[in-house]
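What follows is calculated from the coordinates using simple rules that are stated; it is not laboratory data. The structure presented is a predicted model; accordingly, all values stated were derived computationally and were not measured. Cβ coordinates were reconstructed from backbone atoms using ideal geometry, including for glycine residues, and neighbour counts include every protein chain displayed.
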Amino acid sequence: MTPIELELNSTYQSAFYSDKRYLFLYGGAGSGKSQFAARKILYRMLTEPGHRFLIVRKEKCHVKESMFTLLKDIIESYKISHQFFFRNDTMQITHTETGNEIIAAGLLESDKIKSITGITGIWVEEAFELEKKDFDQLNLRLRGLTESYKQIICTFNPMDADHWLKSMMDKKPDNLLSMQTTFTDNMFIDREYMDELIHQYKQNENFSRVYINGDWGRAYTGGEFYHGFSWTKHVDSISYNAALPLHITFDFNVNPYVTCCVWQIDNNHSGELKKAMQIDEICLRHPRNSTKQVCAEFRRKYFNEKGHTAGLFIYGDPAGRHEDTRSEKGHNDFTIIRNELRDLHPTMRIADKAPGVKSRGDFINSILESEYDGISIVINENCKNSIGDFSFLKQDVNGVKLKEKVKDEKTGGTYEKYGHTSDSADYFLTSVFSSEFDYFLNGQKKFNPVFGKKRSNNIW
Ligand SMILES: Nc1ncnc2c1ncn2[C@@H]1O[C@H](COP(=O)(O)OP(=O)(O)OP(=O)(O)O)[C@@H](O)[C@H]1O
Ligand SMILES: [Mg+2]
């Protein structure tokens, strides 16, 4: 028998040789993910003993068009169909010589899945359709001693960065190999297909991000708090500018992290200091989630490493003025900050009270949407938490931030998933552009003379 030359895109080489339990192939349209998965399964079926592969989608009816037919077509293209037995009704493929087989299932018929035994490998096509519990159930099917390594291949377009597949990848477990590809990784694709793809998706920011660039998208629900936020307009690669002061802004929630976002302000196109750029975020989790540790990290990055000398301004949640159980008597978060950063001579710019959530949202959305009064916002692409917040934070029926709670798997405690970095952004933007904010709310600039008013008795 002449050996078969199995054509594969070279990008997928490491995925081909990987024997990790989880192989996640995600990315843009036409990048060769499905072709690769089918070919790897076919290769293993022809070269390794004792296989029973499960090909699966949420709905079984879709397995035929996308997986069964693809496998059959590939087998036919190598002119080896005679080595196999195909059952079209059940979508079963058996390699007659070895007895290796491929069987199909749909997750909606979960009872049937529970009764399937002896599985040695799984391919989930369009894995995005699965809920985490579907995946966990599949995972359970792949157990016991097998002659060859057991692997679950998931192929999908990364449609929503809020998906459990991304959370799983972000944890970077040792037994997971993930690979991101785009059509540029696919040498078998023709020019016409590429042109069509670009033409079809380029008008829609989200689609072009997912299907052309293969990056994580955003499932719009229509209820986003920062509905004016857009990746193309507001995310960029920006770096620290030593000539400009630093503006740092705090949110003091300790879970999931204590937040300090680092901003600088540069000239806008009209030469006004109104281009707000978030260059960094310092979000420290347990056990470093204290105001003191965050200050130490900020000092290390910007003073010890970069030798910053151009000035420092501090903003944050006015509630940080309250003494609380975390700090010693006579201290609050801002006195801690002042003590920790004292020798850097910061200027404190803390509002008396936090502006209303709805009104600051309206103000920031009008900056995001139409550069209100010449103010613009750019977030550095490395600021993942902040971009997540601006993208995914929802609003409730009253137009304020919907503080969705999630459970910490390790501690069992609950915390608010989003809202911390963007709260810090709100405090900064409404303070630094306070007269624009006033004008936005009241339609006039306020100059209120104050005679002989008692000085505020803030303890800092
Ligand atoms: N190894 C290969 N050999 C031959 N042709 C290939 C190969 N890989 C990809 N192709 C060609 O590229 C096209 C796109 O590949 P495929 O369908 O696997 O992309 P995909 O990443 O699964 O796309 P989508 O995200 O749209 O599902 C195929 O229809 C096929 O023509
Ligand atoms: Mg595909």
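List of remarks:
- Cut-off under 5 Å, modelled amide H: who pairs with L312 long-range: L246, T347
- The chain, relative contact order in percent, only Cα pairs under 8 angstrom and at least six apart counted: 15 percent
- Gyration tensor verdict on the chain (Cα atoms; rounded if a/c is under 1.5, prolate if a/b is larger than b/c, oblate otherwise): prolate
- Segment E76-N204, length gained on full extension (0.36 nm per residue, minus Cα span): 42.3 nm
- Exposure here means at most 10 other Cβ atoms within 10 Å; with trypsin sites (Lys or Arg not before Pro) in a DSSP loop as sites, the longest stretch of the chain lacking them is 172-328.
- Entries in K133/K407; K112/K166; K64/K114; K64/K166; K60/K171 that, when Cα-Cα distance is taken, lie over 19 Å: K112/K166; K64/K114; K64/K166; K60/K171
- Under 5 Å from the amide H of E281 lie the amide H atoms of V262, each residue being 5 or more positions distant or on a separate chain, with H modelled from the backbone and absent for Pro and chain starts.
- Loop-resident sites, the stretch 305-377, for GluC sites (Glu not before Pro), counting at most 14 other Cβ within 10 Å (DSSP): E323, E328
- The relative contact order of the stretch 96-232 comes to 21 percent, based on Cα pairs under 8 Å that sit 6 or more residues apart.
- Projecting label points 7 angstrom from Cα along Cα→Cβ for R338 and A319 puts them 2.2 nm apart.
- The antiparallel fraction among DSSP beta bridges confined to the stretch 10-212 stands at about 20%.
- Computed helical MRE - 222 nm, the chain, DSSP H runs ≥ 4 contributing -39500 (n - 2.57), nearest 500: -8000 deg cm²/dmol
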